[in-house]
1. Take the eigenvalues of the Cα gyration tensor for segment 66-123, scale each by 5, and report the square roots as semi-axes in whole Å, largest first.
2. So, in nm, how far is label Thr37 from label Asp273 when the simple model puts each one 7 Å beyond its Cα toward the Cβ?
3. Going by average Cβ density within 10 Å per residue, which order do the peptides 212-220, 71-79 take, highest to lowest?
4. How would you classify segment 97-202 from its alpha-carbon gyration tensor, with a ≥ b ≥ c the square roots of the eigenvalues: rounded for a/c under 1.5, else prolate if a/b is greater than b/c, otherwise oblate?
5. Compute the separation of the alpha-carbon centres of segment 185-246 and segment 125-154 and state it in Å as a whole number.
6. I need the fraction of alpha carbon pairs in segment 234-276 separated by more than 13 Å, rounded to a whole percent.
7. With a ≥ b ≥ c the root eigenvalues of the C-alpha gyration tensor of segment 15-162, is it rounded (a/c under 1.5), prolate (a/b larger than b/c) or oblate?
8. How big is the Cα convex hull of the chain in projection, averaged over all directions, in nm²?
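The values are calculated or read from the model by the stated rules, or taken from the named source; none is laboratory data. Predicted model, so just to flag it, every value in this text is computed and none were measured. So basically every Cβ, Gly included, is an ideal-geometry build from the backbone, and we count neighbours across all protein chains shown. Accessible surface areas use protein heavy atoms only, side chains included; no ligands, DNA or RNA. Shrake-Rupley method; radii C 1.70, N 1.55, O 1.52, S 1.80 Å.
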Amino acid sequence: MGTDFYNEFSNTGCTVPPLVDRKSKSYPTKISFGGFTIGGSEVIIIAGPCAVENHEQLLETAKAVKSAGGKILRGGAFKPRSSPYNFQGLGQEGIKMLGDIRTETGLPFVTEVMDTRQVEFVAEYADMLQVGSRNMQNYPLLKEVGMLRKPVMLKRGMMATLEEFLLAAEYILNQGNEQVILCERGIRTFETTTRNTLDLSAVPMLKHMTHLPVIVDPSHGTGLRWMVPAMAKAAVAAGADGLIMEVHYKPEEALCDGYQSLNPEEFVHLMTDLKKVAQAVGRDIILP
Ligand code: PEP
Ligand code: MN
């Protein structure tokens, strides 16, 4: 063979761990709960506030998310805040509130778990657990959620290569939990105009490397409300299986990440645009 010969992965500069390797399965992983499937032909939209604040905020936001076509509610109760002086989330009370809102609206929910000691409690309520960017390499936590038989959304560490990201996912699969969804949420670069640099090239690359579903978070990926629609549409065009976005019924009053949260009107508008993009790339978004 000449020097221009390379196998399928050698040009990625990375080794794919065995359990997440696309070649280890004949079909992409599909994760179903709440009447829909992540990793199928439908692009699944997850939306909601950065943090659970109170019953009214969560209910009004959840209603807006549902009526616009969102399938899963997001909301943090255990919040990893950069400053210890900022709102830290409502903790267990917030998790219970998410459960109440699910009863009221029928929306399943995803919420973050930051510590192995929270896993049992959160798993009792949540439909899907989130391991956040700051915890992508918290190996005890990865092992703990790996012992669950519930979907886990793993966010890419802000300094993590795709190889490190896949190795983190491998920890979860290695414990027997195959229901892992990867979330690209932007990485740290030298650029400062945006909160993070949203690496959309990670979407086709991850789908090339692994059988796991891949979703994108354009809210943390940009940190700017006005940029979210453009990057959300680009993510769907790039082949994302879903999006997770911050929506707040009153972004200007949000206790956390209001400047990157869409209001209900912006969200409805975006959903109709996203459906068109999804259809243009052979997918769909089912609107109510
Ligand atoms: C979040 O989704 O609430 C969050 C804190 O995101 P990340 O871990 O990507 O910063
Ligand atoms: Mn946030």
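1. Numbers: eigenvalues 99, 37, 19 Å².
Value: 22, 14, 10 Å, ordered largest first.
2. With each label point 7 Å from Cα toward Cβ, the separation is 3.0 nm.
3. Numbers: 212-220: 27.2, 71-79: 25.4.
Descending mean neighbour count gives 212-220, 71-79.
4. On the way: a/c = 2.21, a/b = 1.39, b/c = 1.59.
Since a/c reaches 1.5 but b/c is at least a/b, the shape of segment 97-202 is classed as oblate.
5. Between the Cα centres of segment 185-246 and segment 125-154 lies a distance of 20 Å.
6. Values: 512 of 903 pairs.
Percent of Cα pairs beyond 13 Å in segment 234-276: 57.
7. Values: a/c = 1.88, a/b = 1.23, b/c = 1.53.
Oblate shape, in that a/c is at least 1.5 and b/c is the bigger or equal ratio.
8. The directionally averaged projection comes out at 15.3 nm².
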